[in-house]
Amino acid sequence: MITSSRRATVDLSIPALIPNQIGGEDGPAHNRAAFAKLDPATGREICQVARSTRADVERAVERARAAQPAWAATTVTRRGEILRKIAVLMQEHRDAIASLVSRETGKSKKDALGETDAAIEMGFFVAGEGRRFYGQTTTSATPNKAAMVIRQPLGVAGLIIAANTPIANVAWKAFPALLCGNAAIMKASEDTPLSAWAFAVLAREAGVPDGVYNTVHGFGEESGAPIVEHPDVAVVSFTGSCEVGKWIAETAGRRLAKVCLELGGKNPLIVCDDADLQNATTWTLGSAFSNAGQRCAAGSRIIVFDAVYDRFKAMLVEATRTLKVGTADTDDYGPVINEQQMKSMLASVERAKAAGAAVLTGGQRVGSEGYFVAPTILEHVGSNDEISRSELFGPITILYRVGDFEEAVTLANDSPFGLTAAIHTQNIHRAMTFVGRIQAGVAVVNGGTYGSEPHMPFGGLKNSGNGWREAGTQALDVYSDLKTVYINHNPGAV
């Protein structure tokens, strides 16, 4: 039972300096360097953040290695109980966590609360797996011999996350990594240090032993890369760009470390000639523009049958023009995470226009303060054009006209990515054929390209990942290894 007095000890007010949290101690970077965390909605400084380097990572790994054996020796049921306490504390401090998420991302409090709730649900789901940490028992061909498979921890887990849904991204990695008996080092995005800091505060309050869970802040090259390169980091789990993911796979692969990559997407949503166009419009708006399009599962390629193209386009453009951009709960989405991202995506739109694309709506910055981008729809874009094959991570989507189902699926699969995909149709035969043929890790019928749930695996094919899945019980496969056990006995010795 969490008492009111313990709740009172947890202070999630933003400190002047977001510290590293290593071995149960909060402190600045080893060299005392720091950088400014800016508010994406205003461009103004929120706080300073520890700017870590290799020396900080070395210390975190040392403390994690020292703490991990005792944590692994703790029963998985007990580990699950401690994780459940984290989830309970998150629930009790839900409003404060959401305020941090809203402040560091610029998204509305309403959207931040939804994200926080998803992180809490992930915690409760993974904690429950402490009672269901299943292996396998089977038969042996040899008499008087038992055969079984059990899970074992890997050691130190390096967790490197993106900024788009910061507290949910922390939860997706931290909970299963800890349940499996690993010690962990979380390297949050430099754009979203607040929620990662808050999670570590609550983990300590819940009873996670010192050194078992550590947070190191900083830039990718300075503090993320040393985690990937460290010989004592047994597994690296990364959510982010394809380019960085490939470097991680190559670098960690040289020492045969386990690597889990959840990378980008250029996700198709097909609108067939028999689709409910109003429903398809609603789901396209959410897929393309919610969270400012900052989803690896964003719907950025909208493939529409010729028979309904003009009607659907008119409906979608009209609905898009009603969207409100801002930080209030009545707004549809907020800013993109930083100025560089904003400039990069708008430059991509300009290059597409120069190559012949038409902008149906949007295509520009909104206001002069903060990093807001208007909801943008393009058409007359080739399938091999740069903007068709690169992830923009912003509120920008493209319409493509196709003749029939075969052309639609072919175009949907003509992508370097394969994360999520959706189809809108009333034809069950079309729907099931799409599910079988689409090259994606997630397939959705009559819905959006986003909306993963904590008990379901999520991940993609091709440049969208390397085969592992996070969330669901499949996440346990990322953070544990299998041990085959044989036990021989002699009935004559009974």
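The values are calculated or read from the model by the stated rules, or taken from the named source; none is laboratory data. Small disclaimer: the values here were computed from a predicted structure and weren't measured. Please note: Cβ atoms are built from the backbone with ideal geometry, for glycine as well, and neighbour counts cover all protein chains shown. For the accessible areas, the whole protein counts, side chains as well, though only heavy atoms, and no ligand, DNA or RNA atoms are used. Shrake-Rupley method; radii C 1.70, N 1.55, O 1.52, S 1.80 Å.
Restricting to strands (runs of 3 or more DSSP E) lying wholly in region 127-170: which have 1 or more residues that are surrounded by fewer than 23 Cβ atoms within 10 Å (Cβ to Cβ)?
The qualifying strands (runs of 3 or more DSSP E) are 136-138, 145-153.
Which residue is farthest from Pro176 (Cα to Cα), if the candidates are limited to region 448-460 and must be surrounded by fewer than 17 Cβ atoms within 10 Å (Cβ to Cβ) and either over 14 Å from the mean Cα position of the chain (by Cα) or hydrophobic (A, V, I, L, M, F, W, C) (or both)?
Result: Met456.
Tell me which of these Ser348 doesn't satisfy, since it passes every other one: (1) under 21 Å from Gly447 (Cα atoms); (2) assigned to a helix (DSSP H, G or I).
Just one mismatch for Ser348, condition (1).
What residue, of Thr322, Thr330, Thr282, is closer than 26 Å to Phe458 by Cα and either assigned to a helix (DSSP H, G or I) or open to solvent by 10 Å² or more (accessible area, probe 1.4 Å) (or both)?
Thr282
From the list Asp117, Asp95, exactly one residue is more than 19 Å from the chain's Cα centre (by Cα) and free of Cβ contacts under 8 Å to residues at least 24 places away in the same chain. Which is it?
Being more than 19 Å from the chain's Cα centre (by Cα) and free of Cβ contacts under 8 Å to residues at least 24 places away in the same chain holds for just one of Asp117, Asp95, which is Asp95.
Mind listing whichever residues of region 286-314 are without any contact (Cβ under 8 Å) to a residue 60 or more places away in the chain, in contact with an Asp or Glu (Cβ under 9 Å, 6 or more places away or on another chain) and open to solvent by 10 Å² or more (accessible area, probe 1.4 Å)?
Ala307
Which condition number in (1) hydroxyl-bearing (Ser, Thr, Tyr); (2) open to solvent by 80 Å² or more (accessible area, probe 1.4 Å); (3) within 26 Å of the chain's Cα centre (by Cα) is the one that Thr53 fails?
The failed condition is (2).
Do we find that Phe199 is part of a loop (DSSP other than H, G, I, E, B) and over 20 Å from Gly451 (Cα atoms) in this structure?
So Phe199 does not fit the description; no.
Considering only residues that are among the small types (Gly, Ala, Ser), surrounded by fewer than 24 Cβ atoms within 10 Å (Cβ to Cβ) and in contact with a helix residue (DSSP H, G or I) (Cβ under 7 Å, 6 or more places away or on another chain), which ones fall in region 221-261?
Ala252
Would you pick out the residues in region 171-196 that are assigned to a helix (DSSP H, G or I) and either among the aliphatic types (A, V, I, L, M) or free of Cβ contacts under 8 Å to residues at least 40 places away in the same chain (or both)?
Within region 171-196, the first condition is being assigned to a helix (DSSP H, G or I), and the residues that meet it are 171-179, 193-196.
Of everything in region 171-196, those that are assigned to a helix (DSSP H, G or I) and either among the aliphatic types (A, V, I, L, M) or free of Cβ contacts under 8 Å to residues at least 40 places away in the same chain (or both) turn out to be Ala171, Ala174, Ala177, Leu178, Leu179, Leu194, Ala196.
Residue by residue, here is whether (1) open to solvent by 10 Å² or more (accessible area, probe 1.4 Å); (2) touching a strand residue (DSSP E or B) at 6+ places or on another chain (Cβ under 6 Å); (3) of a type outside the set (Lys, Arg) holds:
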residue: Gln340; (1), (2), (3): yes, no, yes
residue: Leu346; (1), (2), (3): yes, no, yes
residue: Lys353; (1), (2), (3): yes, no, no
residue: Gly363; (1), (2), (3): yes, yes, yes
residue: Tyr371; (1), (2), (3): yes, no, yes
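Hey, can you tell me all the residues within region 434-457 that are touching a residue at least 24 places away in the same chain (Cβ under 8 Å) and in a strand (DSSP E or B)?
Val442, Val444, listed by residue number.
Could you look through region 171-213, keep only residues that are of a type in the set (Phe, Trp, Tyr) and over 27 Å from Met342 (Cα atoms), and pick out the one that is most open to solvent (accessible area, probe 1.4 Å)?
We begin by selecting, within region 171-213, every residue of a type in the set (Phe, Trp, Tyr); these are 172, 175, 197, 199, 213.
With the extra rule that they be over 27 Å from Met342 (Cα atoms), the set shrinks to 175, 199, 213.
Values: Phe175: 0, Phe199: 4, Tyr213: 19 Å².
Across region 171-213, the extreme among qualifying residues is Tyr213.
For (1) within 17 Å of Ala177 (Cα to Cα); (2) aliphatic (A, V, I, L, M), each residue gets a yes or a no:
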{"site": "Thr105", "(1), (2)": "no, no"}
{"site": "Glu129", "(1), (2)": "yes, no"}
{"site": "Thr138", "(1), (2)": "no, no"}
{"site": "Val156", "(1), (2)": "yes, yes"}
